[in-house]
Amino acid sequence: MEIRQEIQKFATYMESIMRQHDKDKGDSWKRMHREDLKDLFKKEVNEALESNMDTEFIDVANFCMMIVHSPIKLKNLSTSHPSHNQ
């Protein structure tokens with residue numbers, strides 16, 4: 001499967017933001033409960049809407065990634081779509 005150029009570029013932005021937090025937070029999100037990640041996601045959405053800054057919207061995308069890849073409810077996304085009831 002060929003990945004769209006825009007998605008590759010956006011993923012690079014996401015990784016850049018994640019790396020900025022590596023020193024102080026690392027991969028601590030992997031040990032967080034899914035509901036806590038969702039609460040942080042809501043806060044991040046509000047920050048993005050208020051600031052209208054691209055970096056804040058990238059933070060929102062990173063929280064989406066964290067929630068989808070939460071060890072608590074991870075599903076094989078290559079064979080199915082995430083359920084809205086997770």
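Structural remarks
- Looking only at residues of segment 66-75 that are among the aliphatic types (A, V, I, L, M) and modelled with pLDDT of 70 or more, we find that the one that is farthest from Asn46 (Cα to Cα) is Val68.
- Among the candidates Phe41, Phe57, Phe63, residue that is at pLDDT 95 or above, surrounded by 12 or more Cβ atoms within 10 Å (Cβ to Cβ), in contact with a Cys (Cβ under 8 Å, 6 or more places away or on another chain) and under 23 Å from Thr12 (Cα atoms): Phe41
- Single residue of segment 44-53 satisfying the filter (without any contact (Cβ under 8 Å) to a residue 12 or more places away in the chain and not polar (S, T, N, Q)) that is surrounded by the fewest Cβ atoms within 10 Å (Cβ to Cβ): Glu50
- Within segment 6-17, residues that are closer than 17 Å to Asp59 by Cβ sit with their Cβ atoms under 8 Å from residues that are of a type in the set (A, V, I, L, M) and in a helix (DSSP H, G or I), at 6+ positions apart or across chains, in these pairs: Phe10/Ile58; Phe10/Ala61; Tyr13/Ile58; Met14/Ile58; Met14/Ala61; Met14/Met65; Ile17/Ile58.
- Checking each residue of segment 1-21 against the condition of being within 21 Å of Pro71 (Cβ to Cβ), surrounded by 10 or more Cβ atoms within 10 Å (Cβ to Cβ) and at pLDDT below 95 gives at least one match.
- Some residue of segment 76-84 being at pLDDT below 95 and either touching a strand residue (DSSP E or B) at 6+ places or on another chain (Cβ under 6 Å) or in a helix (DSSP H, G or I) (or both): no
- Residue list for segment 18-45, restricted to those being more than 15 Å from Ala61 (Cβ to Cβ) and part of a helix (DSSP H, G or I): Asp22, Lys23, Asp24, Lys25, Ser28, Lys30, Arg31, Arg34, Glu35, Asp36, Asp39
The values are calculated or read from the model by the stated rules, or taken from the named source; none is laboratory data. All figures in this text were calculated on a predicted structure; none of them were measured in a lab. Cβ sites come from the backbone with ideal geometry, for glycine too, and all protein chains shown count toward neighbours.
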